[in-house]
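Written below as structure tokens is the structure these notes are about.
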Amino acid sequence: MSDPVNLTTVSYVVLGLVSCAEPVTSYEMKRMVAVSIGEFWPFPHSQLYAEPVRLAAAGLLEVDAEQTGRKRRRYRLTPAGRQALRRWLAEPTSDPTEIRDHGMLKLFFGDQGAPEDLVTLAKAQREAHEARRDSYAALHASIASSVTPWSLATLEMGLRFEQLAVDFWGEIAAGGYPGRPESH
């Protein structure tokens with residue numbers, strides 16, 4: 001008996017994307033990621049080309065390759081692939097949320113720089129988060145009737161996060177921050 005395949009988060013991303021849109025090519029998965037999970041789970045898109053091949057070799061995906069033309073490969077879940085995806089979905093997670101934010105990194109070291117630079121940083125961050133919030137709101141309006149409630153819920157979380165960031169950076173730009181004691 002062969003060793004079981006090591007499934008990574010990207011493996012489950014691929015299984016989930018295939019499940020949502022099968023049959024699907026790697027290029028179509030890349031386009032799906034760009035307007036959905038790529039907003040909160042960034043990873044190298046090159047993995048969307050390599051990982052399906054690996055999962056097909058492991059028996060979790062079946063592949064239908066065009067014999068002529070562009071020779072695209074379309075992937076579908078096998079029963080084993082669907083079972084692996086369902087097992088992963090059934091496992092609760094309590095992993096800490098990861099935020100990798102250059103603005104927060106600069107803010108952390110803010111006392112090493114000039115106060116006016118922090119204000120400039122805060123204003124730029126607020127504007128960037130406002131733009132992202134507005135983009136999410138427009139996306140929400142355009143797709144609300146065509147996606148699953150759970151997909152829409154992830155977009156709602158993005159909207160709430162961006163509004164929180166707008167409020168936070170607005171306070172920093174005004175010379176304060178949440179919980180900072182008043183100085184007199």
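The values are calculated or read from the model by the stated rules, or taken from the named source; none is laboratory data. Because the structure is predicted, anything quoted here is derived from the model rather than measured. Cβ coordinates were reconstructed from backbone atoms using ideal geometry, including for glycine residues, and neighbour counts include every protein chain displayed.
In region 146-173, the residue that is surrounded by the most Cβ atoms within 10 Å (Cβ to Cβ) out of those that are of a type in the set (Gly, Ala, Ser) and in contact (Cβ under 8 Å) with a residue 40 or more places away in the chain is Ala165. Ala57 falls short on exactly one of the conditions (1) modelled with pLDDT of 95 or more; (2) closer than 21 Å to Leu89 by Cα; (3) loosely packed, with under 13 Cβ neighbours inside 10 Å, and that condition is (2). Of all residues in region 122-144, those satisfying the criterion of being of a type in the set (A, V, I, L, M), modelled with pLDDT under 95 and surrounded by fewer than 15 Cβ atoms within 10 Å (Cβ to Cβ) are Ala138, Ala141, Ile143, Ala144.
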